[in-house]
Each structure stands twice: as structure tokens, then as C-alpha cells.
Amino acid sequence: MAQVTPGIYEVQVDKNYCKACGLCVAWCPQDVLADDDEGYPFAPHLEKCINCKLCERHCPDFAIEIIAPSEVLVIEDILAEGA
Amino acid sequence: MKVQTSFIIKEYLRPEMLPSTWCGGCGLGIIMGAIAQAVHFKGLDKDNVAMVSGIGCTGRMSGYMDFNTIHTTHGRAPAFATGLKMARPEMTVLTVMGDGDAMSIGGNHLIHAMRRNIGMVAIVVNNSVYGLTGGQTSPTTPIGGHTTTAQSGSFERPMNLEALARTAGAAFYARATVNHTAALTKLIERALDVSGFALVEIISNCHVLFGKMNQMAEASKMIAAMDEDTQRTNPTLLRRADLPIRLTSPESPSAPVHELTEMEDVEDESRTWRGVMFERKGSVDLSKRYYDMLGKIHAQQRAAEEAN
Amino acid sequence: MTLSAGLSYASTWEAIMDIVARVTALRGDAPQPVVLSSLPELPPQELGGRTISVVQGPPGRNISLAIGLKAALPNVPLLLVMNADGITLGTNHLIHAARRNIGMTVLLLRSDVTQQADQHLDRMRWEVLGFQGALETTATPLEWAMALQAALVGRGTLEQPDDLAALISQAFDTPGFSLIGVTYASHLEMGVLSRTDYPEFFDSYRRWSASFRNLSDTAPKGVGVTVTPKTDIRRYEVRIVGLGGHGVKVAGTVLSEAAGIGEGLWATQRGEYGSATRGGLSMVDVVFGCERVSYPGADQPDLLVALSQNAIKLYGHTVKPGGYLVADPDQVDILPEGALPVPIVRIAREITDNPITAGVVSLGCVAALSGMVSLETIKEAVVKKVPFKVREKNIAALEAGYQATRQVM
Amino acid sequence: MPTPAFMHGNQAVAEGAIAAGCRFYAGYPITPSSEIAEILSERLPQVGGVFIQMEDEIASMAAIVGASLGGMKTATATSGPGFSLMQENLGFAVISEIPCVIINVQRVGPSTGLPTRAAQGDVMQARWGTHGDHPIIVLSPSSVQECFDLTVRAFNLAERFRTPVVLLSDAIVSTLREKLVIPDAADIAIINRTQPNVAPDDYKPYEFLQGDVAPLPKFGDGYRFHVTGLVHTELGYPTEDAEIISRWWEHMSSKIEDNLDAILDWEEIALDDAEVALVAYGGTARSALHAVSLAREQGIKLGMIKIRTIWPFPEQAIRDLAGRVGTIIVPELNFGQIRLEVERIVAGRAAVRGINRADGIQISPEHILDVVRGLERVP
């Protein structure tokens, strides 16, 4: 099992694609995400993010991305192979 | 190398067509992402992949994906795909249909494509309702489900597609939900390995119509309910089809079905049964057998000419 | 055709008529079946003339035709005689009739029965095959029907006509869809192959619908009051243009009914039209007057309510001379000259915390400015059209819109 | 007392069907006709009728023929793509003389086209969609009131002439909401198919009557007879005898041609002194009517004929019109399907022009008026 370090990730939401459906917020196991006034997701608790990518996988509009530091991507590569 | 999920997916989409016209939270986008990932992880060349879709919300998918795409007429996608596959056997053909499209108006084409064992991955997105026309009863609307043409609850027995596919001759049948995206991607990858007709039934959500009429108006709640409260959403998905098959005629295709165990554990009997429901060992796609036959005929002709 | 049992039939129809006669003899006074078939041969008037009703429908479609007949005649047994059409053109109808369990008995004649003269056919199959057909798996309709849990699936042979007749009679007595394969291939298992106990479709339907019978009288829900219109204005056009989420369509529904029913005017509300999707606009046209409305579009509105800059850009200039333009000053960049500023979206948000009531606030402007549809009638229409739990807030929004318009008039 | 009501065109069609005695509906969802099915799925059980959503439009059309043979008044509703699928069994209903009503809410085609946008492109398909020469009756409503009235009339004509009748609605009137007046049930004229008054042995289900049709008992009434899609004798049995076939054709065409007075339905508006006339039908007739009203305010002598029976076409009315006005303008949401018919009948005795679009947008009264004004400038 690859190690994850919380607190090193960024969440990027593309509002041109996002339809404010709430799926990412509902699926986030760490309660990183919440709805803003207009229903779009934002990340008030970014420090809890473990880069599980459930939000990315469940976004029907490809509007949310978890940005990881470059060294972590190598680990993700391995994860993706076994996904 | 960058492997961010949405980055991979976007490689397979047509950005000028997005965002999609689907309602917010519709599982169709999740499915589209899973297809993109499966094609990516299989290392398929986009130029050698075709996507054929029918009419309905699901039918719109072919417009968003950057393959060779056909948005056909209602229910006829398997027939278009049959023609394409027989003409271009080397091509990977993805046929995407909704439940009404595949099982109702397209039932005939689906059955005969399964019987002929045409090499395609047929993705049937099952959301129990007609979405694009406004929430009418579909062949998979559960008994008691409320729709605009069954406002007091449907009393029709829903279609058991798995049982039908088993007897009609499909090579592979898997069921997934939009709740488990990793498994969904994996099952589509498995289907891409099959030579012959591989059907992947994907349980998806129409929270805007079906959900609203059945107390599941929120996307996330409906997706959870489809998986966990199957009794309410679609009881036919509670178990694998046990068929009372007693025919033993030599041509019966149900005889050589080899069942595999499910990929997901199914300890909880009340949940939707997911995974590979059956796989026919040794299946060979019709186009391959056909071109092999042509090769033999031509060889015979050449041999006859040389003999002359 | 001569069978090994010593029977001899001149044609498939003669064989069918013989089997039907045997079924009828077995069943005594029970209602006679209607026979539906699309056999290619002509049916035999000389074979007993009008002993039975026969429908020679389009190939494969007899199953759907029979569904209609079953709905109309629940007690008449339906006997469908099909061959390859049942599993080619008719596949879809067959599987759905089986799934729904619609009461009919389908005899599926295999090619070894109907086309025995043609030596090129594979006798074991239901289909006419080309040379490539050997590559394909044969259709297995009896298994399809079993998979879908049809009421009765069975097999019989013309070699044993009495057994076949008994099987058909049993199928007639089984509520639901029965499929019987008819063949020469006597090495296969004959008789009932599977049965399921499931209610027949129209039986379920009748039980299900019985509870609705007396709930409502047979007349449509009308209004029952005729009001003499108080105006002699022939035509008054209202166009409300906002964005999706402003509740514009609902406002149109309320206004058109208030004018048409409450005020006794002639009124229309236009449905879909081309320009509605331009730039995410949501737009509704309501036209009313003492004359029957011909064209339902408000192309030259007497009253335009604009809730966005784009609305003014596209339609501001179309307002009829002497007409009103109401614009939301918070939503537009520059207020056009002569426009009445009413902060409609802000009012909606203040009252319901949601711009969805902006449409209803706009109706307050209509009540204040049109002089044809009063605040009271719009209120009545709101009560009728809006769900109970949001009714009070909608009424408040309507009144606030009315007051705000009065202040700027 | 007649009831004023407020509804959209599709709802008025559904209520008209119930009022006419329709008790069986089979259909398949398709925009913009789905509301008819949705409303009937609720209303039919209330009046003891049957609603069934079939697997496709082919099956829907077959099912309404079957239920009609069972003695019920039956209907289906669809839009262009579904209407294409129905053509096979529509032909069966024509040749086997089974009354039924098909409602086609037109949208832009061909194929899937523009699903929610109005068009009038199925005019010729309604006439010639199924193969072979055949009689057919096609009605076109232009208001919610006519959606109700013409649906009742469609059932009456179907029963009277033992023929399928097509109600050619469009997405303009089907989605339009307006006031209509529903007459008391007792005031709605209803025609039912006649029943035989002879013994079963003497009954001819397809008697070759000139300008009339044989009675039609329901299956199970003791009049056992044969129904086929093949050309048949008076007893309904298939025949290839040329002499019988020519008598059959005579019967089939005369049942419509000899009864034009009872079938044709059109309205003349402001034609007394008109110099230019519009010929319009369906949703477009509303724009035409408004154009006439605007033209008269401006002193332009414009009149119109509003057609409610498209097929058979009101030929004599158009022929008469050609003698009265110099120019006939046919606005329609297609590229001239009715204009061709008008040109054929007028045969050069008046100028014929079309106003045509099929981009999903309604022809506006101003557009028509512009064309009319343009004419005046031409000497």
C-alpha cells in the first residue's frame, strides 16, 4: 500500500464544467469538500485530503481535479496500473 | 508522466462539445469517464475505436467522445454496429444504449446481435426510465415505481436482461453501477478483451425524473439507493438469473455457459449483484469466423484455378 | 405432407385447421379461439369456410395485434400461428409479450414443418439461412420465453396431433403468455417444458385500474365559471424574459390562466419556440384580450419584463409604442430610457431566498400595469397553480412586485 | 353547460379522444407527443379503458388495430420518427378497413431531426407514407379548441368510413396553452361503426359498396370473418382475380371520393373583397390569421382559407379561390408540400407563392405581411 501524506494536495474546480450536482461533496470520505453559496464545491479542509480521487472518479463533468506534487505522481502511476 | 484521472479522460473527449447536456449529477458522465479510462488502460488507438449510440440521453454520449462515432436512430444501434463490425472486423466497436433504447424498441436487434455473437462491447445504461422524453415507464421500471405513464406505480414485470442474454447467446455479461467507478472501469476493460458480444449493464441514476417521482431526488442519495436498496429500485438485480432451462437440444447456446464468480463480494444479499455474471468460454466473434470462412473459400478457389 | 403417424395434410393451413378442430372438440362449449397468422400460403376458405375468425396480419406483428385484441376481448383465446416471422421481425414483440405475460398462445412452426419441400433448408432451425448461416447460433425462442418466465413453454409435434391439441388447450387455460414449438423432430422432449405462476397482464391491469374507476367523473376537469370580460381591448401582449431559474415559465402558466379563466378573456401561453434557448434566456409569451387570440407570440409586446441585459438587447426595441418596459436595475448595465426600474430579482431573494420567484414578482408588475388582469385574479391563479407549502411566499412576492411597480409608475 | 377549460394542445387531444369514446391507447414515448400518453395513462383507467405502453411504434400501431377488431375505439400518438415506423401497419389498417386514429405531433425531420421544434414536414408522409395507392383522411388542428374538436371528428370519420384517420398536429399547437370550451357530453356528436343486421352466414365483412362501408361487428360476436393484408374478396378471403380487384379498388376510393361533402372541412376568412389570399393549416394558420387582421388594419385586402382536412384536399375550394384572387400565398413549416398541391389545382390561373422554413421557428405574422406588401409593389 502506497503511503499518502495528507495536506500536500490542491483541489481545482473548473466552473465552466461544474454543474453543482454535489456528488464530489457526497463522496469525499474525509469531508474535505463543501458546497459554496451557489452549490459549487470548494475545499475548506484541504489538509485532510488523501488524494483518493473519489471526487474525480465520480464527477460526471470532469470538473474537479486533485493536483498532486510531482513526486507523488509516480506513486499514482503504480496505483493506476492496479486500479 | 501525468496520470490525473480527469486528464486521462479529457484526452478522449471533444472539448468543444462539453459540458454535456446531461443534468447535473447524471451517472452518464461517470460512465463516459470509465469508458475513456478503460480504452486508455487497454492502450487502444482512438482511430481504431468506434462508438455507436442510439437515441435518448445515453445516445448523446457518442457526440462527446473523440472516437469514430455514430449517433443512430432509436433502438437500432446494435444493427448499425453489426454492419460496421462485419465491414471492419479489426475495429473495436462500442455500442452505447439506454435501457429503453436497448431493451424496448431495440430488443430485436439486441437479441440477434447476441445470437450472431457480433464482436462489440454493448454498454446498456439502465436507469429504469425514459429520460429524454420526460420520465415514462421503461422495460426496467421496477414494479411499484412511479413514472409519468404509471403515476400510481408500474405493475409490469420488468425485463430480466441477464436471463435473456444468457439464452440468446451473448459471450459475456457483466453488471456494474456508477457507485463503484473503479470496478466499472475494470469491467469495461474485461469486456474489451472478449471476442464476441460482450454486454455491460450499468445501473445509473436519473434522480431528476425517476428519483424525483420516487423519493430519491438527490443524485448522491439515488446512486446509493440503487446499490443498497435494490428492493425499491430494481429487484431483478438482486440475484443472478437462475433459469429453468430444461431444453437440451444440440444447438442450445445456454449449455456451454461457464459461470465465473463475482468480482465484488456479495455477502449482503440485499445489494445489487455486480461483477461478471457469465462468460462463454472459447467464444469467437462472427466477423472473425466469417473472414476465416472467406479465406478458406478463396484458398479453395485458388487451388481449383491452379489445378486447372 | 404425409406424417409417419399415417396422417396426411395438403398444406400447413390444413394441418392447423385439423389441430384447431381437435382443440375445439376437446373444449366443448368454451369460447372458440381467434386465429392470427402470417403464413405465406393463402388461408383456406374451402377448409370449413367461416368456422373460425382468422387475422392474417403483417409478418411478426401479429403478436402486437393480438395484444390489442386481448385488451378488448379478455375471454376469447388467441391462437397465433407463426413461423420464422415470430423470431425475425417478431422477436421484439415476442419477448415483450412474454415479459409482460400477455394472454395468448403462440405456435411457433419450425421450418421442418412449413418448408419441408425445400431441401436446402436446415430442418432443425427456425430460420431461412444463407450459406454463412452455419456460422451463426440458431435462435432459441423457447429458451428466451423461459428466461423471461412466460406462463407456459412447451413443445409438440404434428405426428401426435391429439397431444398437441391437449397442450394447446392447456395453454388456453393458462393465464398469460404461452409459447409452443411445433416440430417433426420427435426425438426432442415434448409437452410442457416450463411453467410459471404470474398474473396475466390485463388481469393485473383491470385489478389495478378498478380503484380509479369512481374516483373521478368522466368529464375532464373544467372550471365551470364563465366570466364576462370587463375590457374591450382586443389583444394585449406580455413577454417576460429572464434566465433559467427565474421561474419565468411558471409565471406564464399563472398569468395565462388568470387572464383566461379568472378574467374571462381569451388567452394563450406559447410553448416551445426557437429563440428561447438563445444565451441561456428563459422567456414566456402570454397574449390575452376580448378577441380569440390568433398568433400566440408577443413579438411587439405591450408589456416587456426584462430580467437581464441580454433580454433588453434582444427585445428592448420590440416594445409597442405606448407600451411598458420593466427592467431590473440590478441585472442590467444601462437602464433604457423610459424603462420602469423594478428590482425584481432582489425582491424575490428577499422574500424566498431564491430567484425562482422572480417570475411571480414580475406578475405583480403585470397586475399594476396591464389594467386587464387584476392582482386578485392572479392571486387566485397562484393559489391554484403553486404547491401549498410555498403558496404564502409566492403571494407575498406577487404583492411586493405590485407595490414596487406602483412606486415607480 | 359547456365548460371553459385551460389546457395545452396535447391535453385537449387526450380529452377529445376520451370524449369521442376512445377506450384503448397503445403508444411509445416520443417528444413532443408524450403528454398525450401520459394523460391517457391516467384518464383511460378512470373511464374503464386500457392504456399500454408498447415496445415500439410498430407494435403500438398493430395493437390499436387489434383492439379495434375487438370492438374498441383506439388511438396511438407519436411524432415523425415513430410515424415512419407505423407506416407498415398503417397500410394494414387501410387495406383491412379497420377504424383507428393516429396522432402525429410533427417535429423537424428527417430522422431524429429537431425533437422539440415545430414543423409541418409530414404532410406528404401522412398522404403517401405507406406504400401503394390508398385512401386516407388527415386532419390538421390549429388551436387547442380544434385539438379537441378534430380529435372527436377523427374518431367519427374513422368509424364512419372504416379507415385510419391521421390527426396531424404540430409542436406549435401541442405545447400551446389556451382556453377552450368543452361542450356537454350530450352535445358532442358521436358516430359509432354500424353493426350487421343479417345472419352471420349472410354477412359480408368487406362488401364492395359504392361510397359506403360494410358494418363491422367485433370478434366474438358470432360473425366469424377473415382479416388480411392481402387484397381480398367481399368475404375477406385473398384473391388474385383482376375483376374482383378492380371492384375492390372502386369501393376503396369511392368511400372517400363520394363523401367529400361529409369529410372536407375548411374555413374562409375575409375573402369577399380579397386580392391576395393565404392558404394555411395547423400552427401556421394562427400566424396567417393574425397577418390578415394586421393587413386589414393597414387597408391591405388580404383574406385566407384555413384548411382543417388536409387529405382529401379541398380542391374545389382552392379552384374557386383561384378565380377570385390574383395571388395565393401558402405559408408552411416545410418547403412547399401543400404549395405543390395548390399549384397543381390552380394550374396557372393565379400566382402561387410559398413562405417556407423548417428551422424550428414559427413563421411570424410580420414575415407574411412583408411578403404580401412586397407583392403590392410589383405592378
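The values are calculated or read from the model by the stated rules, or taken from the named source; none is laboratory data. Everything numeric in this text was worked out from a predicted model, so none of it was measured. We place every Cβ from the backbone using ideal geometry, glycine too, and count neighbours over all the protein chains shown. The accessibility values were calculated without ligands, DNA or RNA, using every heavy atom of the protein model including side chains. Shrake-Rupley method; radii C 1.70, N 1.55, O 1.52, S 1.80 Å.
Apply the Karplus parameterisation 6.51 cos²θ - 1.76 cosθ + 1.60, with θ equal to phi minus 60°, to every residue of region B:62-67 and state each ³J(HN,Hα) to the nearest whole Hz, in sequence, with x for glycine and proline.
For region B:62-67, the Karplus-derived couplings read 4, x, 8, 9, 8, 10 Hz, x marking Gly and Pro.
In Å² (nearest 100), what accessible area is buried between D and C, both sides summed, heavy protein atoms only, 1.4 Å probe? The partial results should precede the final answer.
Numbers: alone 15440 and 20320 Å², together 29920 Å².
It comes to approximately 5800 Å² buried between D and C.
Heavy atoms only, probe 1.4 Å: what % of the accessible area of the protein assembly as shown goes to carbon and sulfur, would you let me know?
Of the solvent-accessible surface of the protein assembly as shown, carbon and sulfur hold 52 percent.
Quick one: P(r) of region D:267-377 from all Cα-Cα pairs, 10 Å bins, percents rounded to integers, in order of increasing distance.
Spelled out bin by bin, region D:267-377 gives 15, 54, 29, 2 percent.
Compute the long axis of helix C:375-385 from its Cα atoms, compare it with the longest principal axis of the Cα atoms of chain C, and write down the angle in degrees, 0 to 90, nearest 10.
20
Within chain D, what's the longest run with no GluC sites (Glu not before Pro) in a DSSP loop and at most 16 other beta-carbon atoms within 10 Å? Give the range, please.
D:1-206
Tell me which aspartates and glutamates have Cα within less than 14 Å of D:K306's Cα, excluding those fewer than 8 residues away on the same chain?
D:E146, D:D265, D:E267, D:E268, D:E315, D:E332
Using a 1.4 Å probe, how large is the accessible area of D:C147, given in Å² and rounded to the nearest 10?
Accessible area of D:C147: about 0 Å².
Per residue, how large is the accessible surface of chain B? Use a 1.4 angstrom probe and give square angstrom.
Details: 10880 Å² over 308 residues.
In whole numbers, chain B has 35 Å² accessible per residue.
Dimensions of region C:266-388 along principal axes (Cα, Å, largest first)?
38, 35, 27
From zero outward in steps of 10 Å, how is the percent of C-alpha pairs of region D:3-187 spread across the bins?
Over region D:3-187, the share of Cα pairs per 10 Å bin runs 11, 43, 38, 8, 0 percent.
Against the empirical 2.2 N^0.38 Å scaling, what ratio does the C-alpha Rg of chain C come to?
1.58
Would you look at the GNM of chain B, springs on alpha carbons closer than 10 Å, and say which of B:T149, B:T181, B:T133 moves the most?
Looking only at B:T149, B:T181, B:T133, the largest GNM fluctuation is found for B:T133.
Enter the buried accessible area of the B/C pair, total of both sides, probe 1.4 Å, in Å² rounded to the nearest 100. Mind showing how you got there, number by number?
On the way: alone 14470 and 20320 Å², together 31150 Å².
Chain pair B/C: roughly 3600 Å² of buried accessible area.
Using 20 Å bins from zero, what percent of all Cα-Cα pairs in chain B falls into each bin?
Histogramming chain B at 20 Å steps yields 34, 56, 9, 1 percent.
Above 18 angstrom, tally the Cα pairs of region D:1-66 and express them as a % of all pairs, no decimals.
Result: 36 percent of Cα pairs exceed 18 Å.
With axes computed from alpha carbons, what is the tilt in degrees of helix B:77-87 against the longest principal axis of chain B, rounded to the nearest 10 within 0 to 90?
Helix B:77-87 and the main axis of chain B meet at about 20 degrees.
Can you compute 3J(HN,Hα) from phi for each residue in region B:8-16, using the Karplus curve 6.51 cos²θ - 1.76 cosθ + 1.60 with θ = phi - 60°, rounded to whole Hz and x for Gly and Pro?
Per-residue couplings from phi come out as 4, 4, 5, 4, 10, 10, 9, x, 5 Hz.
Which order do the peptides D:299-305, B:200-206 come out in when sorted by mean C-beta neighbours inside 10 angstrom, highest first?
B:200-206, D:299-305
Going by a 1.4 Å probe on protein heavy atoms, which residues of region B:179-194 end up with at least 10 Å² less accessible surface in the whole assembly than in their chain alone?
Buried by 10 Å² or more upon assembly, which counts only protein chains, are B:N179, B:T181, B:A182, B:K186.
According to the Cα gyration tensor, what semi-axes, each the square root of 5 times an eigenvalue, does the equivalent ellipsoid of region C:348-406 have, listed from largest to smallest in whole Å?
Taking √(5λ) for each Cα gyration eigenvalue gives 17, 14, 7 Å.
From the backbone phi of region B:48-53, what are the Karplus-calculated ³J(HN,Hα) couplings (6.51 cos²θ - 1.76 cosθ + 1.60, θ = phi - 60°) in whole Hz, Gly and Pro given as x?
Working through the residues one at a time gives 10, 10, 10, 10, 10, 10 Hz.
Can you show me the helix-derived [θ] at 222 nm for chain C, built from DSSP H runs with n ≥ 4 at -39,500 (n - 2.57) apiece and divided by the number of residues, rounded to the nearest 500. Write out the running numbers ahead of the final one.
Values: 13 runs with 139 residues, N = 409.
Per the formula, -10000 deg cm²/dmol.
In Å², what does the accessible area per residue of region A:11-63 work out to with a 1.4 Å probe?
Ligands and nucleic acids excluded, the result is 47 Å² per residue.
Using only the alpha-carbon atoms, how far is helix C:91-100 inclined from the longest principal axis of chain C? Give it as 0 to 90 degrees, nearest 10.
So the inclination is approximately 80 degrees.
Against the 2.2 N^0.38 Å scaling, with N counting residues, where does the protein assembly as shown land? I'd like the Cα-based Rg ratio to two decimal places. Please report the intermediate quantities before stating the final value.
Details: Rg = 32.0 Å, N = 1179, 2.2 N^0.38 = 32.3 Å.
Ratio of Cα Rg to 2.2 N^0.38 Å: 0.99.
Under 24 Å Cα-Cα from D:K255, which lysines qualify once same-chain neighbours fewer than 8 residues away are excluded?
D:K73, D:K204, D:K218
Would you mind checking the pairs B:K221/C:K313; B:K10/B:K281; A:K48/B:K10; C:K230/C:K384; B:K42/B:K221; B:K46/B:K221 and listing those with alpha carbons more than 30 angstrom apart? Can you show the working numbers first?
Working: B:K221/C:K313 42 Å; B:K10/B:K281 35 Å; A:K48/B:K10 27 Å; C:K230/C:K384 22 Å; B:K42/B:K221 32 Å; B:K46/B:K221 35 Å.
Among B:K221/C:K313; B:K10/B:K281; A:K48/B:K10; C:K230/C:K384; B:K42/B:K221; B:K46/B:K221, the Cα-Cα distance tops 30 Å for B:K221/C:K313; B:K10/B:K281; B:K42/B:K221; B:K46/B:K221.
Looking at the protein assembly as shown, send over the antiparallel percent of its DSSP beta bridges, to the nearest 5.
35
Quick check on chain D: of the DSSP beta bridges with both residues there, what percent are antiparallel, nearest 5%?
Details: 15 of 51 bridges.
Once the DSSP bridges in chain D are tallied, antiparallel ones form about 30 percent.
Over the residues of chain D, compute the C-alpha Rg and express it relative to 2.2 N^0.38 Å.
Working: Rg = 21.0 Å, N = 379, 2.2 N^0.38 = 21.0 Å.
In units of the 2.2 N^0.38 Å rule of thumb, it is 1.00.
Counting helices only, and only those DSSP H runs with n ≥ 4, report the 222 nm mean residue ellipticity of chain D as the sum of -39,500 (n - 2.57) divided by its residues, in deg cm²/dmol to the nearest 500.
Value at 222 nm, helices only, nearest 500: -12000 deg cm²/dmol.
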